[in-house]
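S.K.: Below: one structure in structure tokens.
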Amino acid sequence: MEIPVYLFTGFYGSGKTSLIKDTLFDSSFNEGNKTLLIVCEDGDVEYTHDECYKNNVVCAAIEEEEDFTSDKLENLYKQYMPDNVFIEY
């Protein structure tokens with residue numbers, strides 16, 4: 001099964017989280033589909049449990065580069081069965 005994966009990259013403080021929130025929490029983009037949000041860094045802006053829950057978003061953190069493996073991604077897919085994936089790298 002193929003699912004869309006959206007990859008967001010940029011410098012620290014460049015607005016990745018804000019862009020993701022503006023996109024992901026917009027009802028015209030996310031029509032209730034389950035989204036897996038993989039976060040690879042802590043930024044100035046954070047995701048709240050309430051906004052994620054309300055928009056059917058589950059968050060997973062991968063903090064170490066060596067932990068970002070195909071096995072880890074496959075396990076996250078099996079655990080959450082998302083309709084799409086956002087990666088903030």
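The values are calculated or read from the model by the stated rules, or taken from the named source; none is laboratory data. It should be emphasised that the depicted structure is a prediction, and the values quoted were computed from it without experimental measurement. Because the Cβ atoms are built from the backbone with ideal geometry, glycine has one as well, and the counts that use them run over all protein chains shown. Please note that ligands, DNA and RNA were not included when accessible areas were found on the heavy atoms of the full protein model with its side chains. Shrake-Rupley method; radii C 1.70, N 1.55, O 1.52, S 1.80 Å.
S.K.: With a 1.4 Å probe and all protein chains left in place, how much accessible area per residue does the chain have, in Å²?
M.R.: Working: 5960 Å² over 89 residues.
With all protein chains present, the chain gives 67 Å² per residue.
S.K.: Given 20 °C and 1.002 mPa s, how large is the Stokes-Einstein diffusion coefficient of the chain in µm²/s, with Rh as the Kirkwood radius over Cα pairs?
M.R.: 160 µm²/s
S.K.: In what order, largest first, do Leu24, Leu73, Leu7, Leu19 sit by accessible area if the probe radius is 1.4 Å? Please list the in-between numbers first.
M.R.: Values: Leu24 0, Leu73 55, Leu7 115, Leu19 90 Å².
So the residues, ranked largest to smallest area, are Leu7, Leu19, Leu73, Leu24.
S.K.: Shifting gears a bit: Which loop-located chymotrypsin sites (Phe, Trp or Tyr not before Pro) does the range 1-56 contain, where loop means any DSSP state but H, G, I, E or B and the Cβ has at most 14 other Cβ atoms within 10 Å?
M.R.: The qualifying sites are Phe11, Tyr12, Phe29.
S.K.: Within the accessible area of the chain, what % is carbon and sulfur when the probe is 1.4 Å and the other protein chains stay in place?
M.R.: 48 percent
S.K.: Could you give the spread of the C-alpha atoms of the range 19-69 along their three principal axes, from largest to smallest, in whole angstroms?
M.R.: Principal-axis extents of the range 19-69 (Cα, largest first): 35, 24, 18 Å.
S.K.: Count neighbours as other Cβ atoms within 10 Å of each site's Cβ, and list the trypsin sites (Lys or Arg not before Pro) in the chain that are DSSP loop with at most 16 such neighbours.
M.R.: For trypsin sites (Lys or Arg not before Pro) across the chain that sit outside H, G, I, E and B with at most 16 neighbouring Cβ atoms in 10 Å, the list reads Lys34.
S.K.: How many angstrom lie between the C-alpha centres of the range 1-42 and the range 60-85?
M.R.: 14 Å
S.K.: A further question on this structure: How much of Cys40 can a 1.4 Å solvent probe reach, expressed as accessible area in Å² and rounded to 10?
M.R.: Number for this one is 30 Å².
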